[in-house]
1. Say whether the condition of being in contact with a strand residue (DSSP E or B) (Cβ under 9 Å, 6 or more places away or on another chain) and either part of a helix (DSSP H, G or I) or in contact (Cβ under 8 Å) with a residue 24 or more places away in the chain (or both) is met by at least one residue in region 71-88.
2. Lys30 fails exactly one of the following numbered conditions: (1) in the same structural domain as Ile152 (by TED's automatic domain parsing); (2) out of contact with any helix residue (DSSP H, G or I) (no Cβ under 8 Å at 6 or more places or on another chain). What is the number of that condition?
3. Restrict the check to region 44-60 and report whether at least one residue is under 17 Å from the mean Cα position of the chain (by Cα), touching a residue at least 40 places away in the same chain (Cβ under 8 Å) and not in a helix (DSSP H, G or I).
Amino acid sequence: MFLMGVFSAFIVLLPWLGQNTERIKPLFQKDKFALANLSASAEWTGYESILGVILILGLVLLGVFHLKNQSKKGIVTLFILAFITIQGIIYLFVPKIEAYSQRSAINFFKTLSGQNVCVNTLGYKSYAHWFYGKIQPQNVCDALANPTNQNIQAYYVVTKITSGNPPELQHFERWYEKNGFVFWRKYAIKTDSLASPSTIQ
């Protein structure tokens, strides 16, 4: 119960932290990637804290029912309120946490969906470019291997800012960076139809 109480308090506090990231940035001075992640916009309203209050209410009712020798009723009540809290976390918290961890990269991959491009990550493992970029079978390639695929218009690689300037990307243009990610590109064929930073949210 103690751990659940701590978790409840964290759920109450997290929205406030999300609205005041400047206050916690000093804690991440040694982690450049995490520090850049905190610059992302997650749009906390503050009402998300209600989920923590619901869980705390469940713990209080558990104690009340226990004092009345109705422990079974208390456990059922806690279970129901915990279920509500978990569902709320899935719908309200997870998307916001994802905004910090990888939304800028995901949005980038989405802009490349359906285009004849080659996309890879370097320095970290991810399947996001496969899923969100909807890479077509004929465009499966390794941007770092400099493949000769006539269908490919451009090659893109995503790294974390902590990777610096990888020697593998010496022939790539350091296009732009956002929220801890750096986006690199190398054209195979000049075209104006490819994604540009202004189209990526």
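The values are calculated or read from the model by the stated rules, or taken from the named source; none is laboratory data. Remember, it's a predicted structure, so these values are computed and weren't measured experimentally. Neighbour counts run over all protein chains shown; Cβ positions are idealised from the backbone, glycine included.
1. To start, the set of residues in region 71-88 that are in contact with a strand residue (DSSP E or B) (Cβ under 9 Å, 6 or more places away or on another chain) comprises none.
Checked against the condition, which is being in contact with a strand residue (DSSP E or B) (Cβ under 9 Å, 6 or more places away or on another chain) and either part of a helix (DSSP H, G or I) or in contact (Cβ under 8 Å) with a residue 24 or more places away in the chain (or both), region 71-88 yields no hits at all.
2. The number of the failed condition is (1).
3. At the first step, the residues of region 44-60 found to be under 17 Å from the mean Cα position of the chain (by Cα) are 44.
Right, trim to touching a residue at least 40 places away in the same chain (Cβ under 8 Å) and you get 44.
Still in the list and also not in a helix (DSSP H, G or I): 44.
Yes, the conditions are met somewhere in region 44-60.
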